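Have a look at the structure below before the remarks.
The values are calculated or read from the model by the stated rules, or taken from the named source; none is laboratory data. This structure is a prediction, so every number in the text was calculated from the model and none was measured. Here the Cβ positions follow ideal geometry from the backbone for every residue, glycine too, while neighbour counts run over all protein chains shown. We work out accessible area using only protein heavy atoms, side chains counted, and drop any ligands, DNA or RNA first. Shrake-Rupley method; radii C 1.70, N 1.55, O 1.52, S 1.80 Å.
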Protein chains: 8
Amino acid sequence: MAYKVAVVMGSDSDWLTMEQCVLLLREWGIDCDVEIMSAHRTPGRVHEFARQAAENGYGVIIAAAGLAAALAGSIAAATTLPVIGVPVASGPLQGIDALLSTVQMPPGVPVATMGIGPMGARNAACLAAQILGLSDPRVAEKLRVYKKEQVASVEAKNKVLRERLSGE
Amino acid sequence: MAYKVAVVMGSDSDWLTMEQCVLLLREWGIDCDVEIMSAHRTPGRVHEFARQAAENGYGVIIAAAGLAAALAGSIAAATTLPVIGVPVASGPLQGIDALLSTVQMPPGVPVATMGIGPMGARNAACLAAQILGLSDPRVAEKLRVYKKEQVASVEAKNKVLRERLSGE
Amino acid sequence: MAYKVAVVMGSDSDWLTMEQCVLLLREWGIDCDVEIMSAHRTPGRVHEFARQAAENGYGVIIAAAGLAAALAGSIAAATTLPVIGVPVASGPLQGIDALLSTVQMPPGVPVATMGIGPMGARNAACLAAQILGLSDPRVAEKLRVYKKEQVASVEAKNKVLRERLSGE
Amino acid sequence: MAYKVAVVMGSDSDWLTMEQCVLLLREWGIDCDVEIMSAHRTPGRVHEFARQAAENGYGVIIAAAGLAAALAGSIAAATTLPVIGVPVASGPLQGIDALLSTVQMPPGVPVATMGIGPMGARNAACLAAQILGLSDPRVAEKLRVYKKEQVASVEAKNKVLRERLSGE
Amino acid sequence: MAYKVAVVMGSDSDWLTMEQCVLLLREWGIDCDVEIMSAHRTPGRVHEFARQAAENGYGVIIAAAGLAAALAGSIAAATTLPVIGVPVASGPLQGIDALLSTVQMPPGVPVATMGIGPMGARNAACLAAQILGLSDPRVAEKLRVYKKEQVASVEAKNKVLRERLSGE
Amino acid sequence: MAYKVAVVMGSDSDWLTMEQCVLLLREWGIDCDVEIMSAHRTPGRVHEFARQAAENGYGVIIAAAGLAAALAGSIAAATTLPVIGVPVASGPLQGIDALLSTVQMPPGVPVATMGIGPMGARNAACLAAQILGLSDPRVAEKLRVYKKEQVASVEAKNKVLRERLSGE
Amino acid sequence: MAYKVAVVMGSDSDWLTMEQCVLLLREWGIDCDVEIMSAHRTPGRVHEFARQAAENGYGVIIAAAGLAAALAGSIAAATTLPVIGVPVASGPLQGIDALLSTVQMPPGVPVATMGIGPMGARNAACLAAQILGLSDPRVAEKLRVYKKEQVASVEAKNKVLRERLSGE
Amino acid sequence: MAYKVAVVMGSDSDWLTMEQCVLLLREWGIDCDVEIMSAHRTPGRVHEFARQAAENGYGVIIAAAGLAAALAGSIAAATTLPVIGVPVASGPLQGIDALLSTVQMPPGVPVATMGIGPMGARNAACLAAQILGLSDPRVAEKLRVYKKEQVASVEAKNKVLRERLSGE
């Protein structure tokens, strides 16, 4: 049976950042669960969730948090599944605090860190698919199509701009 | 009975930073326990320690960690005792990662953050003593003496420098 | 008699940041006084206030300031009470100047530094309550309730989001 | 047949950073190839390598580079395999340039970014193993053992420190 | 025959930043082509474009990109023409990521880096003209006129301000 | 009678940074007093010193401090004499903390901030002389000579380098 | 005869930042001239202005510029009058570029650097008055009054806030 | 006749950084002059040099400076030749001050900025050659050879490493 992906976030305000992530996963036919849990407010839930993630059928966990973003690291501490971290740009420091809190993990407890904010959220979906694609040819195929669409999209935008410029 | 202080750190390499903290606490007659535990490697121990800290007689917890320093925050998540965080300057970013990971806590879960490195470690002892001094007049008296010694020390250094300069 | 908390700030524009701090303290039944005083404009008042804070019944002092934020440090220089610093995000550097000016204190003069801006202000109230809770069981009890409400709030938000997603 | 891991780096001076990564992969019985290639000096080789990586049996690619670190991103541009990036701390900016150049990828082209320097290199091995462990139970088992050893190592260090302190 | 200038950008959203660059080049009678291509989405096109740029009549290539801005470097990797990089201020870090990703190139692969955003875009046009002006006296003359206009413009603004102030 | 200059510093370790400042002042015949005083350890002395500085014959005060450098600002708070601040590069952040703590003063309380470390210390002497030179022609003349010597020194170094290169 | 103050700025858009500076100087009866000149666009004018500033009756020069702010340093290079620099917060980096470009001057060429933006502009007026006040008792008296008004203003704001809070 | 390149630097201590630049230019048969001149100490010389650079036969000017690095910008202000800036990593901020002071130029006055330190110095030589190569086929040919050597060097290092690893 195919792995599921868990998308967890520290606060409901992070949903604005993570919605695109969930939409992409669904578009690619990847089963995913979404849950709000907080390393600092519901640490017991985070620990329990992470410990049972493998036996609950998850293959990858995506965790988004801002500020002193400890969520991804807390999950990585209690599982050997790959954990993807999305630093959210909340607060006055624009996410540089969340980036450093997510990426600078000690040896043995990696968090696969994405860029700050919504672009990182979409990349989290993409990386999760790449990981699952190693054992699921259907997902791998979706990614190849997606990559071709990216090429086509850049080429289309290029054509529009060049036509506009030559028409001036 | 007087409260104890717990001094915990994420790695034995943090002892270099924290030794002065423990020496100061002992000098002031404050009972303290030292323990290595890691938010990312022994999260279960951290959680259990924090949950039982109050009933085990601790009044203040001092936590030191470097990099994506989650130790102080993980403890603060599971206790309502005051938690003091010391960012350790390990790694290429010189502790700015540890500072932001320690201080930028979400509402409801404060970490009393000190400066980076050994000076922060000494201040952690001092703040712990200030907190305990509110209910322990002996500790409060030690701090008043310590503060006077600081004044005297600055004045003595001033005298030495001025004599050297006037003697040139 | 229970300790009072002083909430001081460098400018009346800091009130926007600190209002939540005062509301929380009052909600928990902690007596607090609010005062505007400036390390750079009314240094004499700051010094006098800090020197007399203990005998005036204060147990904790919360100080908020922006830019080259010297207020918390100036107070810490003249008292052995615990001082909590809130860096305010005023000016073009978004509070990173205030954070470093507040946290990087020399040994012997700690400032318990909170995160930048309103979230730091709320945490200052919380830390003050944690400190007072060591000798005031009523306050300690309020904090335990508050922590449970945080858990409940995260779980409620989680439920709302999951229902919305499953209903799509 | 099991996937191989490719460990590529921009310069032979990066070997100091990456040696631990390769040792860990071998320790866990993961077949890996090491190659020096540069996004800026041998871009053709990088592109060709990335395009053929999947059919050449690789499941994960680890790329390490310093400064304007483009290697991981260049590879991610030409494959749908998961790519792990290790920012190397070369040059006066201590790797913050390499971190931002590695992590801030546009949507659709993720790089799973690790912390700066040798600790990031070890975590790259660990994440690669976590990814491969999803389809290779032997690797998954190695990781579970490794995680237990981490716990034991922290506990052992704790015991040593506490004995030393109690013996003083 | 005179060299052409290529103005390439990673995304159509960069056109807002680069429009002034193209207008200046045209104003100075410099033939220029505009194209959208992405180091991370259409790397093959970037590589092919750069390899053939010299024989296609280009003398200078201007490349604009944001985030982990690899476009200018990717082009510089595959040509010995001078390449000018414009860091675009997209995303939460305001272009400091793009600046470091553009400027910190390894030895042998220079990118002539401009300031962040629209002012950098205008300077890219100016530097391209300065380079072409070495072998094209008409362009050199345009630049001398432009420089005189800058002086006149500052002097005119000065006159307006001084008159306003003296008239108050 | 000519004004004196006061050179104050927060710690005797700052003398390494400030010695050149005092040597320059003496070389130019400017009477100066040196004193160690600390905004955080001897705040009463700082306040008293600053309040009486004008009547004690000082025309300019130079203050050097590291970390959360509050010394220059504390003095500026209690005098209307010009105060020059020298950020000292102590601690892991290399003086960027001291720079921001010194320069970001609120309106009405300026600190004339110099560069970080020994070069800032020498410039502090130079600025003090420039200020005193407005009312003391002897000092103004010394500065004109010093400026000529700077020109001569650059020209001499240029000659040495060019001879070495042409002789190769 | 009393010294005049020159207020120069790199662009007319800097007037928004500097207007308060000029208003304060006039309020204190200090004669000042305002001029737009640019280190990068009208360098000849800057050099000539600085060389003749002393004989033209200026005692202090205030220079405001943004980005790679070279104006204050260029003036300081050609005069021995005290030069005050105001970093303007233009462009995406919010003035941190202008701050470093203004303050990090080589030995022998000081720029008395103020905080970023309008608060720095007001402090530039204040520092200029402090410098001129050393030889002009009328200006010194104005500053003493201004300082008292600051105290009164803080106390008045304090009273308003306290009444509002006690009336709630 | 072929253009010459000028390599200027603000201090003789910058020679350590720039020596490789000059060696590369000579290796490629490009005539170059080296001169120490300082935007802040010998501004007249800088201005005069820049104004006459074109008629003195220079085609490109390379300027290296540290701290508030104004040299490249000062030269760019007075010529329409292309100016290449090399930020030198002197002082506690490791060249980030020099980078921002060099790159953030206002519109109309570009400085082609290289990376910080010796790698930037070598790239300055390379960019100068690329610019001159547009009108000098001999230089263009040297660069093509140099680029091939880079490829060969990476491949050779790759071979050495792989042999070492396979021989273990």
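Semi-axes of the equivalent ellipsoid for chain D, please: Cα gyration tensor eigenvalues, times 5, square-rooted, ordered largest first, whole Å.
So the three semi-axes of chain D are 31, 21, 12 Å.
Once you place label points 7 Å from the Cα toward the Cβ at F:E35 and E:D31, how far apart are they in nm?
For the pair F:E35/E:D31, the computed spacing is 7.5 nm.
From other protein chains only, count the Cβ atoms within 10 Å of every residue's Cβ in F:134-141, then give the mean.
Across F:134-141, the average partner-chain Cβ count within 10 Å equals 3.
Can you compute the charge dipole magnitude of the protein assembly as shown about its Cα centre, using +1 on each Lys and Arg Cβ and -1 on each Asp and Glu Cβ, nothing else charged? Give it in debye, rounded to the nearest 20.
Result for the protein assembly as shown is approximately 0 debye, rounded to the nearest 20.
With springs only between Cα atoms under 10 Å apart, run a GNM on chain E and tell me which of E:Q150, E:Q94, E:Q52 wobbles the most.
Checking each option, the largest mean-square fluctuation is seen for E:Q150.
I'd like the antiparallel share, as a percent to the nearest 5, of DSSP beta bridges with both residues in the protein assembly as shown.
Around 5 percent antiparallel, to the nearest 5.
Calculate how steeply helix E:15-27 sits against the longest principal axis of the alpha-carbon atoms of chain E, using the helix alpha-carbon long axis, and give the answer as 0 to 90 degrees to the nearest 10.
70
What figure, in Å² to the nearest 10, do you get for the accessible area of D:D33 with a 1.4 Å probe and non-protein molecules left out?
Counting only protein heavy atoms, the figure is 50 Å².
Taking a 1.4 Å probe, which of C:S11, B:S101 shows the most accessible area, and what order do the others take after it?
Output order, biggest surface exposure first: C:S11, B:S101.
How much of the accessible area of the protein assembly as shown, in percent, comes from carbon and sulfur atoms when a 1.4 Å probe is used?
Carbon and sulfur: 51 percent of the exposed surface of the protein assembly as shown.
Once you sort the root eigenvalues of the Cα gyration tensor of segment B:1-40 as a ≥ b ≥ c, which label holds: rounded (a/c under 1.5), prolate (a/b larger than b/c) or oblate (the other case)?
Here segment B:1-40 falls in the oblate category.
Mind listing P(r) for segment E:6-104? All alpha-carbon pairs, 10 Å bins, whole percents.
17, 51, 29, 3
Are any of the pairs B:K147/C:K4; E:K4/H:K148; E:K4/H:K4; F:K142/H:K4; A:K157/H:K159; A:K4/A:K148 more than 32 Å apart by Cα-Cα distance, and if so, which?
In this structure, F:K142/H:K4; A:K157/H:K159 lie more than 32 Å apart at Cα.
Which single residue of chain B puts its beta carbon nearest to the axis of rotation relating B to D, and what distance, in whole Å, does that give?
So the chain B residue sitting closest to the axis is B:Q94, 5.
In segment C:68-94, which residues give up 40 Å² or more of accessible area once the other protein chains are added, compared with their chain alone (1.4 Å probe)?
Correct list: C:A68, C:A77, C:T80, C:P82, C:P92, C:L93, C:Q94.
Over the whole of C:29-37, what's the average partner chain Cβ count within 10 Å per residue? Rounded to a whole number, please.
The shielding value for this peptide is 3.
Roughly how much of E:E48 is accessible, in Å² to the nearest 10, using a 1.4 Å probe?
That residue has around 80 Å² of solvent-accessible surface.
What size of dipole, in debye to the nearest 20, comes out for segment E:1-107 about its Cα centre when the only charges are +1 on Lys and Arg C-beta atoms and -1 on Asp and Glu C-beta atoms?
That gives a dipole near 220 debye.
With both partners inside segment A:1-127, how many of the DSSP beta bridges are antiparallel, as a percent to the nearest 5?
Antiparallel: roughly 0 percent of the beta bridges in segment A:1-127.
Using amide H atoms built in the peptide plane, which far-off residues or other-chain residues are under 5 Å from F:R41 H to H?
The list, which skips near neighbours in sequence, is empty: none.
Taking Cα atoms of the protein assembly as shown, Rg/Rh with Kirkwood Rh, to two decimals?
Ratio of gyration radius to Kirkwood radius: 0.97.
Per-residue ellipticity at 222 nm for chain C, helices alone: DSSP H runs ≥ 4 residues times -39500 (n - 2.57), over residue total, nearest 500 deg cm²/dmol?
Using -39500 (n - 2.57) per qualifying helix, the result is -16500 deg cm²/dmol.
From the residues H:A124, H:A156, H:G95, which one has its Cα farthest along the dipole of segment H:93-168 in the positive direction, the dipole being from +1 and -1 charges on Cβ of Lys/Arg and Asp/Glu about the Cα centre?
In segment H:93-168, that residue is H:A156.
Can you give the accessible area of G:K142, probe radius 1.4 Å, in Å² rounded to 10?
90
With angles folded into 0 to 90 degrees, how steeply does helix A:118-133 sit against the dominant principal axis of chain A? Use alpha carbons for both and round to 10.
Taking the Cα atoms of chain A, the angle to A:118-133 is about 80 degrees.
How big is the charge dipole of segment H:95-159 about its Cα centre, in debye rounded to the nearest 20, if each Lys and Arg gets +1 on its Cβ and each Asp and Glu gets -1 on its Cβ?
Using Cβ point charges on Lys, Arg, Asp and Glu, segment H:95-159 gives about 320 debye.
Label segment F:93-162 by shape, choosing from rounded, prolate and oblate, from the square roots a ≥ b ≥ c of the eigenvalues of the Cα gyration tensor; if a/c is under 1.5 it is rounded, and otherwise prolate applies when a/b is larger than b/c, oblate when it is not.
Oblate, because a/c is 1.5 or more while a/b does not exceed b/c.
Take every residue in peptide A:58-66, count the Cβ atoms of other chains within 10 Å of its Cβ, and give the average of those counts.
Mean shielding count: 1.
Send over a whole-number figure in Å² for the accessible area per residue of the protein assembly as shown, probe 1.4 Å.
It amounts to 34 Å² per residue over the protein assembly as shown.
So if we plug the beta-carbon distance of E:A152 and E:L23 into 1/(1 + (r/R0)^6) with R0 = 22 Å, what FRET efficiency do we get, rounded to 0.05?
That pair, E:A152 with E:L23, gives E of 0.65.
Summed for both chains, how many Å² of accessible area, to the nearest 100, are buried between A and B with a 1.4 Å probe?
The contact between B and A buries close to 1900 Å².
Find out how many positive minus negative residues lie around F:A125, taking Lys and Arg as positive, Asp and Glu as negative, among other residues whose Cβ is under 12 Å from that of F:A125.
Once positives and negatives cancel, what remains is +1.
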